Amino acid sequence: MQQFNLLLTSLPDGILLGFVFGLAAMGLALIWGVMNVINLSHGSVIALGMFGTFILFIRMGINPYLGLVLIAILGLLLGVLIYFIAVNRVINAPHLSSLLATFSVNMIIIGIGTAVFTTSPYNVDFNMGSFRLGSTTILGTRLIAALIAILFTGGLYLFLYKTRPGKFIRAVTNNRAAAELMGVPSTRILALSFGLGTMLAAVSGALIATFFPFSILSGGGYELKSFVIGVLGGLGNPLGALLGGLILGVLEGIIPAFLETSWVPVIEFSLFVVILLVRPTGIFGAKQ
Amino acid sequence: MKRILFTILSVLILATLALSACAPKVGSPTSEPITPPQGEPGATDEPVQEPVEVTVTIGFTSSITGAQEVSSKRQVNGFTLWMNQVNDSGGITLSDGTVVKFAFVTYDDESNAERVQELYTRLITEDNADFLISPYSSGLTSAASIVAEQNGKVMITAGAADDDAYKTGNTSLFQLYTPGSLYMSSTVDMLKTLDPAATIALVYESDKFSTGVIQGIKPYLAAKGFEVVLEEGYASDTTDFGPIVNKIAGSGATVLLGGGHYNDGTALARALYERNIGLKFTFLLVAPADSKFPELGDAALGIATSSQWELAATHTQEEAANLGIEWFGPTGEEFAAAYQTAFGDPPTYHVAGGYAAGLVLEKAIIDADSVDPEAVKAALNAMNLFIFYGGIQFDTSDEAHGLQIAHKMVVAQWQKNDVGDLVRVIIAPADVRTADPLYPVPAP
């Protein structure tokens, strides 16, 4: 009975957190889906998003949620920059090339971040209060982060399905050569996609900073989660990634009710392997 | 094309080798042998023997990056303060006139045990370090101690409280911290007075040090009649403590004892504050002892910790005299003022530990009247000393050689002063208390 109560208490937390994990994973999934690039700079961009919140809120006094707009824009521009500097030239090369290119970007960001911020943990002392829902406490910061994650997902969906650049992205995803024959500027569309993926990573980092401490090295853990979510939801399927995030969040909520928390990554990565073996396209299918 | 590539590659390799050879070691600005000062011409015609100056090289790694960065940097700051003070005051003069000065060689261990072993080997074999200071944290020190012991190098373990390393037959390690198994005993004694019916949750980082502390305190809790209602370890990189805090709430615990190091400790303190689960008292290892801890804001209020040293309860010459033990070194106030001047912030116990490591080595060299490692080791074995940091005496038995047996800890708690600022006060033991314990800690 006690464990059941603990389950009920932890479940809402896991769900709310799952939306934010899902948002981070959507960025990774979008880039993979459009250009078959595994973006290893994903984690460090998440960390940059965290520091974005820190600088805007602690140093400049800007509300973290208002600051998200600026972080999103900067994330988009950073992604476009990374694309043209590191990815564009190797986009048609074997996967290992783009993997190494984005890994190099990751190391550069971490190196500069370490020089500027050190690897000390930072805290954003920001509180949106909490309220009781039955036996569980819902934290304001997590609830708002989940709502923003849903908003971004909805925005991405509308962008991909209702706008011209979004349709171009889907066209390039389905068949780049055919899209180019139809006059789609594929390089610009790929850069935009990379920018969008990076933007989602930065925004998720900015949201995570409102409830967890972080350092420049923190992004690695969330990048790993994004991989698990990506496989759960279907590689290259951004909306599947959000659902994958929810599954991961729920797992992180319920496993500690029955086992020590150190078992959480064991079970998560076991699931990762099982999904890869049994359903390599993910629970919700691959590219759409 | 291949020829050009080969040429470029060769040039790059040669340039890399040349740069590696020229690259300075981290933080070794004084590692060059110090030139003996020119003596003044004597009044008589008899030749004046110039004092011989030797430079003792001390090797250690520091966690410039990684999980142990915050505490490690403070430990290194403390050590360098000691070294600069000794060198600036002319070094140590031995009875034969030899002047001993110090230099250090250090590398970034990235808070990584594998790197620690590699780097300590390098410090011993390539940099010819005469003596070693441990890295910060029990886990890293455990890795370094194997290398030190294998090479017979004296290592002062400054930032490592774990008991186990001293129970494996080592003879070259000398511990400054109160052993981990005794970390929480003062807190438990205090709880026994304040609230004998308290129910305890033990939630701790699953690393060597924190696990050792918890395993050490469990029998003591049982002996004092406390019920442990929850015992749970967590991974060092845990950031989401929501599920764990929910578990604590569900366990019915009124007091939390646990934590680990800085990163996880701050995250746990914040999660406890946000969820307000009605704990009467929270004790966390290490993190609340750092001066950065109040960055958590009100989440820091009421959090207690064990501290190896606090300026408010610094040890004094009078204390040493009353115990009939020799005093050595500066007073706590002098040390704190010097540190404040040099680094701009008040010293924590990690700083004091780094400084004390140097001070203890200095005293051992003075007592040995030599820099010979075996003579210094013998002096350390015979040491029974009081410094601002506290008592220093090492177990010399075969079972636990080098374990610290004289140093005592205090319990500190973050409270608010009259103007509402968070300050760290001493709440136990009662004879050094600077404020009453905040118990139960008021709800946010």
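The values are calculated or read from the model by the stated rules, or taken from the named source; none is laboratory data. Given the structure is predicted, the values throughout are model-derived calculations rather than measurements. In this analysis, Cβ positions are derived from the backbone assuming ideal geometry, glycine residues included, and neighbour counts consider all displayed protein chains. The protein model used for the area step is the full one, side chains on, heavy atoms only, and it has no ligands, DNA or RNA in it. Shrake-Rupley method; radii C 1.70, N 1.55, O 1.52, S 1.80 Å.
Return yes or no: is B:E232 farther than 21 Å from A:V124 by Cα, acidic (D, E), open to solvent by less than 50 Å² (accessible area, probe 1.4 Å) and facing chain A (nearest Cβ under 10 Å)? Yes.
Yes or no, residue by residue, for (1) acidic (D, E); (2) more than 24 Å from B:A379 (Cα to Cα); (3) without any contact (Cβ under 8 Å) to a residue 12 or more places away in the chain:
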| site | (1), (2), (3) |
| --- | --- |
| B:A320 | no, no, no |
| B:E326 | yes, no, no |
| B:A338 | no, yes, no |
| B:T341 | no, yes, yes |
| B:G344 | no, yes, yes |
| B:G354 | no, no, no |
| B:A357 | no, no, no |
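If you filter region A:110-159 down to residues that are away from every other protein chain (no Cβ under 12 Å) and open to solvent by less than 20 Å² (accessible area, probe 1.4 Å), you find that the one that is farthest from B:G265 (Cα to Cα) is A:L156. Under the condition of being assigned to a strand (DSSP E or B) and either within 23 Å of B:V371 (Cα to Cα) or at pLDDT 90 or above (or both), the residues counted in region B:151-179 number 6. B:V245 falls short on exactly one of the conditions (1) within 13 Å of chain A (Cβ to nearest Cβ); (2) assigned to a helix (DSSP H, G or I); (3) closer than 29 Å to B:A158 by Cβ, and that condition is (3). Here A:A241 passes the criteria (1) more than 14 Å from chain B (Cβ to nearest Cβ); (2) open to solvent by 40 Å² or more (accessible area, probe 1.4 Å); (3) part of a helix (DSSP H, G or I) except the one numbered (2).
Taking region A:114-188 and the helices (runs of 4 or more DSSP H) fully enclosed by it, the elements with 1 or more residues that are over 23 Å from the mean Cα position of the chain (by Cα) and modelled with pLDDT of 90 or more are at A:164-174, A:176-181.
Among residues of region A:63-75 being aliphatic (A, V, I, L, M) and open to solvent by 50 Å² or more (accessible area, probe 1.4 Å), the one that is farthest from A:V105 (Cα to Cα) is A:L66. B:G216 fulfils the conditions (1) in contact with a Pro (Cβ under 8 Å, 6 or more places away or on another chain); (2) at the interface with another protein chain (Cβ under 10 Å from one of its Cβ atoms) except for a single criterion, (2).
Scoring B:F388 on the criteria (1) touching a residue at least 24 places away in the same chain (Cβ under 8 Å); (2) open to solvent by 60 Å² or more (accessible area, probe 1.4 Å); (3) more than 30 Å from B:A253 (Cβ to Cβ) leaves a single failure, condition (2). B:V105 meets each of the listed conditions (1) in contact with a Gly (Cβ under 7 Å, 6 or more places away or on another chain); (2) open to solvent by 10 Å² or more (accessible area, probe 1.4 Å); (3) modelled with pLDDT of 95 or more apart from (2). Filtering region B:184-226 to residues that are acidic (D, E) and either farther than 27 Å from B:A267 by Cβ or in a helix (DSSP H, G or I) (or both) leaves only B:D189.
Here's the yes/no breakdown for (1) in contact with a Pro (Cβ under 9 Å, 6 or more places away or on another chain); (2) assigned to a strand (DSSP E or B):
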| residue | (1), (2) |
| --- | --- |
| B:S370 | no, no |
| B:V376 | no, no |
| B:L385 | no, yes |
| B:I392 | no, yes |
| B:Q413 | yes, yes |
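Condition test on B:S306, is it in a strand (DSSP E or B) and modelled with pLDDT under 95? Yes, satisfied. Selection of region A:94-103 for residues being without any contact (Cβ under 8 Å) to a residue 60 or more places away in the chain and surrounded by 13 or more Cβ atoms within 10 Å (Cβ to Cβ) yields A:S97, A:L100, A:A101. Of the residues making up region A:18-49, those that are in a helix (DSSP H, G or I) and more than 12 Å from the chain's Cα centre (by Cα) are A:W32, A:G33, A:V34, A:M35, A:L48. When each of B:G216, B:G258 is tested for being closer than 30 Å to A:L217 by Cβ and open to solvent by less than 30 Å² (accessible area, probe 1.4 Å), the lone residue that passes is B:G258. So, in region B:126-150, exactly how many residues are of a type outside the set (D, E, K, R), open to solvent by less than 30 Å² (accessible area, probe 1.4 Å) and over 16 Å from B:T168 (Cα atoms)? Total satisfying the criteria: 9.
Taken over region B:96-150, the criterion of being among the charged types (D, E, K, R), closer than 20 Å to B:T55 by Cβ and not in a helix (DSSP H, G or I) is satisfied by B:D96, B:K101, B:E126, B:D127, B:D130.
Mind checking which residues of region B:363-385 are under 17 Å from B:K153 (Cβ atoms) and out of contact with any Leu (no Cβ under 9 Å at 6 or more places or on another chain)? Scanning region B:363-385 gives B:D372, B:P373, B:E374, B:A375, B:K377, B:A378, B:A379, B:N381.
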